Every structure is written in structure tokens, then in C-alpha cells.
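The values are calculated or read from the model by the stated rules, or taken from the named source; none is laboratory data. Model, not experiment: these values are computed from the prediction. With ideal geometry, Cβ positions are generated from the backbone for all residues, glycine too; neighbour counts draw on all protein chains shown. Ligands, DNA and RNA are stripped out before the accessible areas are found, and what is left, the full protein with its side chains, is counted by its heavy atoms. Shrake-Rupley method; radii C 1.70, N 1.55, O 1.52, S 1.80 Å.
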Amino acid sequence: LVFYYGLRGASLLTVHSQYFDTLRFQELVKVQTAQVNRANAVKAQVEAEFKVGEAAEKDIYQPQADALNAEVELLATKSRLAKAQADLKATIGWEPKVSPALAVTPAPTSAELRLIRDELDPEGMYTK
């Protein structure tokens, strides 16, 4: 019996960790996409400066390398996301539903707090 509950707890911890890894990589893909966009904007700016004679040809190479490195990092992050999703699916046995857009839950309004405190839990059994 102890073994069962220990195994169940370990399984829940595994699912928990894999789920949050999936969410983390999902957000990292967004960050890396922004990095690619920024690197491409810098590269375009330096190339434009070169065309009008304000930059030397050698000045183009570093922004090009940075843009390519950003794309490699984006691909690596997408790969890690796919692996995290596959690991989670293998553990739970079905396709997980991961929110495409995570948002912070807003704090309750004063009316909602009044409803919770006065009507739903007037004795404070769950809110204290």
C-alpha cells in the first residue's frame, strides 16, 4: 500500500513537472521568436546602412551571424517544446490541451470578495 501511494505521488510529480516544462518551452518559443525578429531588424538596418555607404561590408557579417544564431536557437527551443509535449503525452496517455495564450488571473474585485466572504464562505472555513 505504501509503495502504491509512493508510486502515485511520483507519477503526479512527473506529470506536474512535464506539464510545466511544456508551458515553459511554449513561452520560450515566444521569446526566441522576438529575438529572431530583433536580430533580423538589426541585420536589415546594417544592410541599409551599407547600401548607402554608411557602413563597411565587414559590418554586415556580425548581424547576419546573429540573425542565423537566433534562428538556430528558435529551432532548438521548438524542438525542446515538441519533446516536452511528447513526454507529457507519453506519461498521461492522451494529447494534452496546453493553452496557446497564458494570462495572469486578475485579482478579485471588491464585489467578488464581498460575495466570497459574506455569502459563499461566511464562517471563513476556506478563506482563512
Practice task
Determine the pairs where a residue that is small (Gly, Ala, Ser), located within region 110-128, has a partner that is surrounded by 10 or more Cβ atoms within 10 Å (Cβ to Cβ) with Cβ atoms under 9 Å apart, the partner being 6 or more residues away or on another chain.
Solution key: Gly124/Arg117
Problem - Filter result (surrounded by 10 or more Cβ atoms within 10 Å (Cβ to Cβ) and among the acidic types (Asp, Glu)) within region 117-128 - result: Asp121
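Looking at Ala44, Ala39, Ala111, Ala48 in this structure, which one is within 21 Å of the chain's Cα centre (by Cα) and modelled with pLDDT of 90 or more? Explain how you work it out, then say what you get.
Details: Ala44 fails: within 21 Å of the chain's Cα centre (by Cα); Ala111 fails: within 21 Å of the chain's Cα centre (by Cα); Ala48 fails: within 21 Å of the chain's Cα centre (by Cα).
After applying the criteria, what remains is Ala39.
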Exercise for the section: Test Lys51 against the stated conditions and say whether it is basic (Lys, Arg) and surrounded by 13 or more Cβ atoms within 10 Å (Cβ to Cβ). Expected result: no
Problem - region 64-116, residues that are β-branched (Val, Ile, Thr) and either open to solvent by less than 50 Å² (accessible area, probe 1.4 Å) or out of contact with any helix residue (DSSP H, G or I) (no Cβ under 9 Å at 6 or more places or on another chain) (or both) - result: Val72, Thr77, Ile92, Val98, Val104, Thr105, Thr109, Ile116
